[in-house]
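The values are calculated or read from the model by the stated rules, or taken from the named source; none is laboratory data. None of these values were measured; they are calculated from a predicted model. A quick note on method: Cβ atoms are made from the backbone with ideal geometry, for glycine too, and the neighbour counts reach across all protein chains shown.
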Amino acid sequence: MQLLEALNWRYATKKMNGQPVPQEKVDKILEAAYLAPTSSGLQPFKIIIVTDPEMKSKIKEIANGQSQITDGSHILIFAAWDNYTEERIIKIRRLLETERGLPEGAFAGYYDQLASIYTVRPAAQNFEHAARQAYIAFGLAIAAAAELEVDATPMEGFDNTALDELLQLPQQGLKSVTILPLGYRDVENDWLVNQKKVRTPKEEFFLNIA
């Protein structure tokens, strides 16, 4: 589907039917998230893919019993860096230089400046910034899923601390941000499936400065 058509087709699916999403479609959704723009190209987050039924059941308990967790085919968990560090920034700088065939240190000035800004800020402020980058990829994953006619349910209703502990995210310098189950709508049992999409009127939503 074309993007706007796909966005009109999609909705926050409340009940999924357990049908598996083909891996090639999941791969395309992940690729869209992977290609998302991020501030200074740092990609300060990871995407955790969960398909194990036992792990999904544990996550469901943490996510207020939302059935899409276990009825969905794949669960994508977006987890952001808990902080910006000089080591992390240097690693990205070196990757950029290597991939573009540049001499080591070619971008040192720019990334040293980034480090001087980020590393003196509180960790909580840096995590919030990293989480906003994760949300850009999260949105693109939702749009890509819609284009592929895969249902996805954005979720923030879960215990972040419990999920972090379950997935051992602190040991990896990560904190969970949001969850995206992928699957297919249960047309017979999802109360929201045929409801009209409601948005703020455009004349109120868009503010034009001429």
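General observations
- Scanning region 115-168 for residues that are outside any helix (DSSP H, G or I), within 16 Å of Thr85 (Cβ to Cβ) and touching a residue at least 12 places away in the same chain (Cβ under 8 Å) yields Thr119, Arg121.
- Ala12 vs. criteria farther than 30 Å from Arg94 by Cα, of a type in the set (A, V, I, L, M, F, W, C) and in contact with an Asp or Glu (Cβ under 7 Å, 6 or more places away or on another chain): no
- Where helices (runs of 4 or more DSSP H) sit wholly within region 1-75, those with at least 2 residues that are free of Cβ contacts under 8 Å to residues at least 60 places away in the same chain and out of contact with any helix residue (DSSP H, G or I) (no Cβ under 7 Å at 6 or more places or on another chain) occupy 3-9, 23-34, 53-62.
- Selection from region 44-69 of residues that are surrounded by fewer than 19 Cβ atoms within 10 Å (Cβ to Cβ) and either of a type in the set (S, T, N, Q) or at pLDDT below 95 (or both): Thr51, Ser57, Asn64, Ser67
- For region 102-141, filtered to residues that are surrounded by 14 or more Cβ atoms within 10 Å (Cβ to Cβ) and of a type in the set (Ser, Thr, Tyr), the residue that is farthest from Ala33 (Cα to Cα) is Thr119.
- Only one of the numbered conditions (1) surrounded by 16 or more Cβ atoms within 10 Å (Cβ to Cβ); (2) touching a residue at least 40 places away in the same chain (Cβ under 8 Å); (3) not basic (Lys, Arg) is violated by Glu97, and that is (2).
- Considering region 169-190, the residues that are more than 18 Å from the chain's Cα centre (by Cα) and assigned to a loop (DSSP other than H, G, I, E, B) include one that is surrounded by the fewest Cβ atoms within 10 Å (Cβ to Cβ), namely Glu188.
- Some residue of region 153-160 being more than 25 Å from Val21 (Cβ to Cβ) and modelled with pLDDT of 95 or more: yes
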